[in-house]
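Quick notes on the structure that follows.
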Amino acid sequence: MARARNSYTTTGEQRPFGGSPQLFQTGESYLGSPLVNVQHPHDLFMNLGATYRIEQPGITYVVGADLVGSPTLGPTPFMHRESARNNPQVPLTHHDLDSTHISEGVVRAGVEKGPMTFEASVFRGEEPDEDDNRYNVEKPALDSWAARVSWHRGPWQAQFSGGHLRSPEWFEPYETKRITASVEYNGTVASRPLSATLAWGHHQEDNGYNDHADGYLLEWDLRATDKTTIYGRTEASAKQIFGLGLHPAGFNHPHFYSHIDPLTVGLVRDIAPARFGRLGIGADVTVYRMSDDMIGYFDGSRSFHVFLRWRPLRTSVSHVH
């Protein structure tokens, strides 16, 4: 079993990681180095904004602005998806799908007509800074854009979106295009609550070499009995594991992507009366299939979690955000 305990500088020096260990996870940086095998910490403040709705017969107009919020790009962020509500891991495809959920500076507008929604936004493309002050809010900027069309009927919802992000990572300051598509189901099967998401994300970096990669995700959360939930996730991801480092603006080179396909299966069992919320104990295991370049370093790797989960809610279906 491979254990992620440190991040590494571009000179190979080990540094204590600034987030939760997670095998093959990348994105953002800490202490001046890109993170590998670590899920980066998030700032405290999210969803600081306001939305105004103008409802007319047959049509609704929506406008909003966020100091910290989500632009109109990607599916429901993983921490708010019903299909991911019990899974303690962040998807490896997070930065292909919904990493803009903590954009600092968003202005958005949309039109809702029947089951369809058409919306667009401008926002700050750069990820939050890596300093140790996780209680501040960065200076907003409106240097990137995105547009999304979505459909919602009954337990089903789907979206297709695309956008242009201005230099999301400081250590690889490339303009990035992103396209995503997803289908979500939040209903029942044989009277049991089931949530599932199927999603695809594509990104292309304008570094002069047309570097691009795709990520695919399928995840589910099934309330098998009144006290037992079975959850899982499988992905097909292309990530830079080797070769991450500081690349100054104007220093272009082709990127090398490794392929990692994880499969997670887990279970959570409620162990206390619902009078004071839902207390449960859970466990999962993740196994990986990987490309040949990874085998010499990570062959046989797997991950485990054992955890306690508490929700201050008596009902068994509603998701507290």
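The values are calculated or read from the model by the stated rules, or taken from the named source; none is laboratory data. Keep in mind it's a predicted model, so treat the numbers as computed, not measured. Glycine also receives a Cβ, built like all others from the backbone with ideal geometry; neighbour counts cover every protein chain displayed. Each accessible area value is taken on the protein alone, full model and side chains, heavy atoms only, with ligands, DNA and RNA left out. Shrake-Rupley method; radii C 1.70, N 1.55, O 1.52, S 1.80 Å.
Quick notes
- One residue stands out among those in the range 215-233 that are of a type in the set (V, I, T) and part of a strand (DSSP E or B): the one that is nearest to S182 (Cα to Cα), which is I230.
- So L165, is it within 19 Å of P75 (Cβ to Cβ) and buried (at least 18 other Cβ atoms within 10 Å of the Cβ): yes
- Verdict on D206 being in contact with a Phe, Trp or Tyr (Cβ under 7 Å, 6 or more places away or on another chain), modelled with pLDDT under 95 and open to solvent by 20 Å² or more (accessible area, probe 1.4 Å): yes
- Scanning the range 252-270 for residues that are of a type in the set (F, W, Y) and either within 16 Å of H94 (Cβ to Cβ) or open to solvent by less than 70 Å² (accessible area, probe 1.4 Å) (or both) returns a single hit, Y257.
- When residues of the range 78-125 are limited to those that are of a type in the set (D, E, K, R) and not in a strand (DSSP E or B), the one farthest from G27 (Cα to Cα): E82
- Of residues in the range 62-91 being among the hydroxyl-bearing types (S, T, Y) and open to solvent by less than 20 Å² (accessible area, probe 1.4 Å), the one nearest to L48 (Cα to Cα): T72
- Exactly one residue among V106, V137 is open to solvent by 30 Å² or more (accessible area, probe 1.4 Å) and either in contact with a Gly (Cβ under 7 Å, 6 or more places away or on another chain) or not polar (S, T, N, Q) (or both), and that residue is V137.
- Residues in the range 44-64 include at least one that is at pLDDT 80 or above and acidic (D, E).
- Looking only at the range 189-215, and only at residues there that are without any contact (Cβ under 8 Å) to a residue 24 or more places away in the chain and of a type outside the set (A, V, I, L, M, F, W, C), the one that is nearest to S150 (Cα to Cα): H212
- Residue match in the range 228-251 (condition: basic (K, R), surrounded by 13 or more Cβ atoms within 10 Å (Cβ to Cβ) and under 30 Å from S167 (Cα atoms)): yes
- A search for C-beta distances below 8 Å between a residue of the range 36-56 that is closer than 29 Å to P88 by Cα and part of a strand (DSSP E or B) and any residue that is open to solvent by less than 70 Å² (accessible area, probe 1.4 Å) and β-branched (V, I, T), counting only pairs 6+ apart in sequence or on different chains, returns V36/T26; V36/I241; Q39/V90; L48/V68; L48/V137; G49/V68; G49/V106.
- Here H94 meets each of (1) open to solvent by 20 Å² or more (accessible area, probe 1.4 Å); (2) in contact with a helix residue (DSSP H, G or I) (Cβ under 9 Å, 6 or more places away or on another chain) with one exception, condition (1).
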